[in-house]
Structure formats: C-alpha cells, structure tokens
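Everything below concerns the one structure shown next.
The values are calculated or read from the model by the stated rules, or taken from the named source; none is laboratory data. This is a predicted model, so every value here is computed, not measured. Heads up, the Cβs are rebuilt from the backbone with ideal geometry, glycines too, and the neighbour counts pull from every protein chain shown. Side chains are part of the model used for accessible areas, which takes the heavy atoms of the whole protein and leaves out ligands, DNA and RNA. Shrake-Rupley method; radii C 1.70, N 1.55, O 1.52, S 1.80 Å.
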Amino acid sequence: AITRFGTGKEWAIQVHECSNNAGENTIAAWDIPSLLAHTGQQQIDLLKVDIEGSEREVFNETAAAWLPAVQNICIELHGKDCAKIFFDALRNYRFKSTRSGELTLCSNLQLKEATRTAVAGR
C-alpha cells in the first residue's frame, strides 16, 4: 500500500506490505527475480532505486539470488539502517561505489570483466 506523509509530495511517499483488503491505496508489486523472469532477461544493466525506505525489503538476504546479475546500481538510500542493509548485501560481490549528491552509484566489477572477456572472445 502507498502511504503519504508530511507534505504529501512525491518524495513523501512510502510503501508497506498490506492485507488483502487494504483499500484504494494498494498497488501491485514484483520482486527483482519476478521482473527478470517476466522480461526474459538474464542481466540488469542499470537498476535505479529510489523506494523511500523499502531498501530494507529489496536488499535483504534474498538479494543474493539476483545481485550478481546487476551491472550498475543507482540508489538513493534513506537512512543509516537502509544504507547498512544495502552495503551488507553488496559485501560478497565486487561492487565499486561512489557518491554523487544524494545518490550512491555502484558498478559490478566482476560482471563488467566477465562481459569484457565474453565480447573479446567473439
């Protein structure tokens, strides 16, 4: 479900899991593996994430199933707890990260090297 807070502007929206009868503010949501399956893609070139605190759900222990397939991540982290969960999820992979304003940009070095090797071998 969608909840507006504060000013109610577009940056003042959060999502949360709801019961089946939550009413008019409910939306359909998919996880990353479902989106990959739906599109038939094996890899994500750029994952743009600005989900107002829901990083806790997206980058939990299930992220290990799809993070190796992400080449680049551009994320706005919402709070120290979200940042910790995000960077803990990346810990076992070779992501190089940098900051630009409120955005954290991460590049999967291992996937880039594998892609470069595959292209060179053609």
Legend entry - Residue in segment 42-62 that is without any contact (Cβ under 8 Å) to a residue 12 or more places away in the chain, more than 28 Å from CYS18 (Cα to Cα) and not polar (S, T, N, Q) present: no
Inset, instruction - Please go through segment 79-101 and pick out each residue that is surrounded by 14 or more Cβ atoms within 10 Å (Cβ to Cβ) and touching a Leu at 6+ places or on another chain (Cβ under 8 Å). - result: ALA83, PHE86, ALA89, LEU90, TYR93, PHE95
Legend entry - PRO33 being over 22 Å from GLU17 (Cβ atoms) and assigned to a helix (DSSP H, G or I): no
Inset, instruction - Quick one: count up the residues across segment 102-120 that are within 20 Å of GLN42 (Cβ to Cβ) and either β-branched (Val, Ile, Thr) or open to solvent by 70 Å² or more (accessible area, probe 1.4 Å) (or both). - result: 7
